[in-house]
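Structure, as structure tokens:
The values are calculated or read from the model by the stated rules, or taken from the named source; none is laboratory data. In this text, all values refer to a predicted model and were calculated from it rather than measured experimentally. Cβ coordinates were reconstructed from backbone atoms using ideal geometry, including for glycine residues, and neighbour counts include every protein chain displayed. With ligands, DNA and RNA removed, areas are computed over all heavy atoms of the protein, side chains included. Shrake-Rupley method; radii C 1.70, N 1.55, O 1.52, S 1.80 Å.
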Amino acid sequence: MKVSHADLQKMVAEVGGMDILQADKYLREWADQIQKEAAEKGYCEIPDLGTFAFEDDELRFAPDKTLALEVNRKYAGLKPIDIQPASARKLDYKLEKPEVSEDPAAAQKKPDPMPGEAEDIPEEPLVKETIEEDEQKEADHLSEADPGTAADHGVEPVAEPDAKPAEDLEVEPAIERDTKPATEPGEKPEEKELEQPTVKDDTPKAWKKPEKESPILWHWLLPAAAVVILAVLLFFHFDGLRMDRDLSERPVTEPALPVAPEPEVAEVRPVEPDPPSPCGLTGPAEELLHGSYTIVLHSIANERRARIEKDRFEEQGYKATLWQARLPDGTRTWRIGVGQFESVDQAQASLSELPEPYRSNNFIIRIR
Amino acid sequence: MDKTQSDQHIVSIINRLLKNHKEVAIKGLGTFSVEHLRQSPRQEKDGSIMITPPSDVIKFKPEKEDRS
């Protein structure tokens, strides 16, 4: 609404208790004085209103700070907000998910594989280690229990030079240990291996034949069989765990396999479904998430009025929030926001759902 | 009423009108108004995008013809 010069004359006359002509005279004198002083001094300061000054032959006006704050009271104290992509700025409820499901340290601490966690990467080293330990123990046991059999391992590379699996290296210490007395100490290890057959060939064939086959069986077939058995067991174990998880996800409660204990299933369940998003314009009032955005519709100095407005929004189904904001002049105001959004874009998209005058008279802020 | 008092009355009236977001025209000086600046995005030098908060600001449009 525009207040014309004539309207202003009436107001001045009414407040000052004078007629319109006299009010008009005072108004003209007041305006002339400002123009004159600004032209002479370069500026003219009017207390409680502002400062006039000439710039580029044009009269400019800078409002008084207190007046400017009063005029802008609704938005006072707001700071610029930076837009970050939703993927870069995660909300609290999203951060909770990886803490539960993707903590490798926590997974490694668990002594036994849990259902649903059997496929986790940290589990694999644990299985490998157990296999290697078993093989090593078995090799050590064989070498200690029957030195003769260990000595015969030196024959194996000669008999089957082409077949040299990596596992052969694990039994090499036993070979070296037994062939050392037969070889000279100054020779290199590579030469030792070449000389080993000549040492072995000197042994009588009569007792060599039966002894030659048995260590192959004991030392290679047995670990191989153990590995195969372990692999089969692990396969069925993981397959069973997978079945358990599938069964637990089904709505129909079928008896799960006995492999999966119930408390372990209970630990995994919260990880699977995403928690319901607390974002949106409408819905039940939720605790405000740090870093999310809300649409401010009111800035009210009176707390009682502010609470009434907030209740009114809630009755209409909005997620309404009321909080107190501190203004630059030290005073406080109550602000009412509706909705809670992950990004500014989402908040702006929801503006169209607001009725007028809020649709065109609002602002978005970040909840800090 | 002396001139000082009348000046105070004039200022207090204009002050009150502006607080109520009214437009005030004064002959021989210009027109005061309150303009609403909407919330708008702005790109910073470092490439980040900031959204400036909305604000209500006082504007003044001088009467050029009255300048002697």
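Rg and Dmax in Å for region A:279-366, alpha carbons only: what are they?
When restricted to Cα atoms, region A:279-366 yields Rg and Dmax of 12.4, 35 Å.
Within region B:14-37, which residues have the backbone N less than 16 Å from the label spot 7 Å out from A:SER360 along Cα→beta-carbon, could you tell me?
The answer is B:35-37.
Given N residues in region A:285-335, what is Rg(Cα) / (2.2 N^0.38 Å)?
Details: Rg = 11.5 Å, N = 51, 2.2 N^0.38 = 9.8 Å.
Against the compact-globule rule of thumb, the ratio is 1.18.
Using 5 Å bins from zero, what percent of all Cα-Cα pairs in region A:5-71 falls into each bin?
4, 17, 19, 17, 21, 16, 5, 1
What do you reckon, how do A:MET11, A:MET18 stack up by accessible area (1.4 Å probe), largest on top? Before the final figure, lay out the partial values.
Details: A:MET11 55, A:MET18 30 Å².
In descending accessible area the options line up as A:MET11, A:MET18.
If you bin the C-alpha pair distances of chain B every 5 Å from 0, what whole percents do you get?
Whole-percent P(r) values from 0 Å outward: 4, 14, 15, 16, 15, 12, 8, 8, 5, 3, 1, 0.
Mind grabbing the accessible area of A:ASP7 for me, 1.4 Å probe, Å², rounded to tens?
It works out to around 60 Å².
Given the rule -39500 (n - 2.57) for each run of at least 4 DSSP H residues, summed and divided by the residues of chain B, what is its mean residue ellipticity at 222 nm, to the nearest 500 deg cm²/dmol?
On the way: 1 runs with 17 residues, N = 68.
Here the helix-only value at 222 nm equals -8500 deg cm²/dmol.
Mind checking A:45-56 for the average number of partner chain beta-carbons within 10 Å of each residue's beta-carbon?
Details: counts 0, 5, 3, 5, 9, 7, 0, 4, 0, 2, 0, 0.
Taking the mean over all residues of the peptide, I get 3.
Please identify the trypsin sites (Lys or Arg not before Pro) of region A:1-89 that satisfy two criteria: DSSP loop assignment and at most 16 other Cβ atoms within 10 Å. Which are they?
Answer by residue number: A:ARG89.
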